[in-house]
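No value in this document is a laboratory result; all are computed from the given coordinates. No experiment lies behind these values; they were computed from the predicted model shown. All Cβ positions, glycine included, derive from the backbone under ideal geometry; neighbour counts span all protein chains shown.
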Amino acid sequence: MSPLSTEEIKQRLTRLNNLEHLYPIARKRIDTLVEENKFLKQRVKELEGNDKDKNQRIEALSFQFEQIKNKLFGRKPLLSHIRTKREKKIRDAFSYRRPIPASVTQTKSHPVNDCADCHGELKRKSTKVFFEEDIPLPIQKIVIKHEVEVGYCTSCKRQSSGIPIPSKKSVLGENVKKYVCTLSIANRLSHAQIQDHLKDVFDELNKENSC
């Protein structure tokens with residue numbers, strides 16, 4: 001084997017020097033990447049656990065919402081729902097119109113004496129009829145005063161009442177509670193929106209007891 005020339009020896013020494021200089025830098029960078037990779041794996045594991053926990057909570061809330069909706073509005077039979085969905089009937093134009101009310105609670109007359117544009121005299125006048133269905137606002141609420149008889153049993157040393165007596169002197173009825181639940185869950189109204197809505201609809205309903 002022929003001996004190396006002086007130039008080749010210098011080149012090899014230069015490469016060796018460069019490698020010795022770059023090795024600590026590369027080693028440090030590798031160690032940093034290993035630590036970073038370890039941290040990222042741990043972070044991914046934590047996020048996957050949080051995501052799994054969120055999914056379980058969402059499923060639980062969905063189940064609770066379904067139970068509340070079924071309790072408020074009742075459960076529709078699955079078979080009838082499928083049958084209704086499959087049997088799509090052709091509707092005519094009259095089926096989209098509201099039926100004429102069977103009873104009339106009030107009649108209003110709206111006479112016209114002159115032309116709305118030029119105020120000229122009208123002739124050949126006739127009367128056309130239409131029906132308007134509406135609800136009065138504020139809705140008249142009912143207030144029930146419960147007179148509950150209470151007695152004391154000397155045998156078992158306990159008190160009994162005709163119906164359970166609430167802790168507060170004034171409470172809301174079951175219909176109001178269901179209505180507030182529907183506004184909160186189905187309509188997604190906030191606490192303040194529900195208060196304002198009940199104030200507009202029932203006028204005198206106490207805001208503090210609305211929710």
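When peptides 116-127, 38-49, 189-200 are sorted by average Cβ neighbour count within 10 Å, with the highest value leading, the order is 189-200, 38-49, 116-127. Ignoring aspartates and glutamates fewer than eight residues from LYS108 along the same chain, the ones with Cα atoms less than 12 angstrom from its Cα are GLU132. Among the listed pairs LYS157/LYS177; LYS178/LYS199; LYS52/LYS178; LYS54/LYS177; LYS52/LYS177; LYS145/LYS168, those with a Cα-Cα distance over 25 Å are LYS157/LYS177; LYS52/LYS178; LYS54/LYS177; LYS52/LYS177. Under 14 Å of direct C-alpha separation, and excluding same-chain neighbours fewer than eight residues apart, LYS28 reaches these aspartates and glutamates: GLU20, GLU36.
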